[in-house]
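Scroll down for the structure; my scribbles are underneath it.
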Amino acid sequence: MKKLINAVDDILSESLQGLEAIHGDILALGEGGAFVRRKTLNPGKVALISGGGSGHEPLHAGFVGVGMLDAACPGQVFTSPTPDQMLAAANAVGSGAGSLFIVKNYEGDVMNFEMAAEMAETAVATVVIDDDVAVPASTWSTGRRGVAGTLIVEKMVGAAAEQGRELSALKTLGEEVNRRTRSMGVALTSCTVPAAGKPTFILSEDEMEMGVGIHGEPGRRRVKLASADAIADEMMGAILSDLSLASATPCLLLVNGFGGTPAMELYLMANAANRVLAAHGLVMARGLVGSYVTSLDMAGCSLTVTALDDGLIKLWDAPVHTAALRW
């Protein structure tokens, strides 16, 4: 294993210290580095709080700032943060307007955020993200996984929170964006968790994992390596079949790298995915390409489609100022 580290046990703390050093105008570390919060809080707005295991950077800490999250709770690599972290974040950034938890649908994340919500000093509502179409929900005891669609929800709801919308309205909006969003991923290599020191799984040179999860969980099946067009056809086919959109629906297309894929290949995949959208009579009204919800050093990508309307387009276009997104 070759990684730019000092000691395995210090990876998270030293990474967060670097994040604060570079982006100290936007964010700050909470007490003991338990969470990342906005540098300047707006006490009159609903606080948006998310979190999860580390290794998916820039999700979630990279999305703390104006127009997105007020705080993010990072757990150890691929490990849920604790209820104490979430509670500390809620108490630090929450106000009388309440807090909204945005939670990826993994058992540990959901359970720990629920515990924190029960202990919070102010009103808390929760939106659970379950956008992954790779595996039918009926085969998962807790439902579909939450993956790159989390970014879409955090951006849309973040913009609405800056407008001063109330807690109940933000929860409804988050759930609506989640319903309009579907994702699917493909892995060309495994990731290597530093504490393990070896790949999570092994793929032959001519194999890929279709429908992989962001922790390296298996997807639909292991198959022979195919062309980018063929990969986009299968992933977009699954996504669009699940969404069942009317012709001419405006869409947001997110092509997300898993950490080990160059931008050239991601834009090539964007081209392939956009052709599929057009073939279905759909319109790519907005697009985003880059590594935003990663899996350490995994090679591969995910595709995400969100069905838009005029209101959601305005929210997507609203100003944002975070470490990872600025417009």
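Tabulated results
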{"quantity": "Pairs where the first residue, in the range 204-222, is outside the structural domain of GLY237 (by TED's automatic domain parsing) and the second is crowded, with 21+ Cβ neighbours inside 10 Å and of a type in the set (S, T, N, Q), C-beta under 8 Å, 6+ apart", "calculated": "none"}
{"quantity": "Any hit, the range 103-110, residues being among the hydrophobic types (A, V, I, L, M, F, W, C) and surrounded by fewer than 21 Cβ atoms within 10 Å (Cβ to Cβ)", "calculated": "yes"}
{"quantity": "Flag for SER241 being in a loop (DSSP other than H, G, I, E, B), hydroxyl-bearing (Ser, Thr, Tyr) and at pLDDT 95 or above", "calculated": "no"}
{"quantity": "So THR189, is it crowded, with 18+ Cβ neighbours inside 10 Å, in contact (Cβ under 8 Å) with a residue 40 or more places away in the chain, β-branched (Val, Ile, Thr) and under 30 Å from ALA7 (Cβ atoms)", "calculated": "yes"}
{"quantity": "Pair list, Cβ under 6 Å, 6 or more apart: the range 25-43 residue within 24 Å of PRO83 (Cβ to Cβ), other residue β-branched (Val, Ile, Thr) and part of a helix (DSSP H, G or I)", "calculated": "ARG37/VAL93; LEU41/VAL93"}
{"quantity": "From ALA97, ALA159, ALA88, residue being on the phi < 0 side of the Ramachandran plot, over 21 Å from the mean Cα position of the chain (by Cα) and not in a loop (DSSP other than H, G, I, E, B)", "calculated": "ALA88"}
{"quantity": "Cross-chain or 6+ apart pairs with Cβ under 7 Å, the range 105-128 first and more than 14 Å from ALA92 (Cα to Cα) and outside any helix (DSSP H, G or I), then basic (Lys, Arg) and modelled with pLDDT of 95 or more", "calculated": "ALA125/LYS171; VAL127/LYS171"}
{"quantity": "Subset tally (residues that are among the aliphatic types (A, V, I, L, M), within 14 Å of the chain's Cα centre (by Cα) and either more than 20 Å from LYS104 (Cα to Cα) or not in a loop (DSSP other than H, G, I, E, B) (or both)) for the range 291-324", "calculated": "2"}
{"quantity": "Single condition THR79 does not satisfy, out of (1) crowded, with 22+ Cβ neighbours inside 10 Å; (2) farther than 13 Å from ALA324 by Cα; (3) β-branched (Val, Ile, Thr)", "calculated": "(1)"}
{"quantity": "Looking only at the range 277-327, and only at residues there that are in contact with a helix residue (DSSP H, G or I) (Cβ under 7 Å, 6 or more places away or on another chain) and of a type in the set (Val, Ile, Thr), the one that is nearest to PRO194 (Cα to Cα)", "calculated": "VAL293"}
{"quantity": "Residue in the range 21-44 that is assigned to a loop (DSSP other than H, G, I, E, B), touching a helix residue (DSSP H, G or I) at 6+ places or on another chain (Cβ under 8 Å) and of a type in the set (D, E, K, R) present", "calculated": "no"}
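The values are calculated or read from the model by the stated rules, or taken from the named source; none is laboratory data. This is a predicted model, so every value here is computed, not measured. Virtual Cβ from ideal backbone geometry, glycine too; neighbours counted across all protein chains shown.
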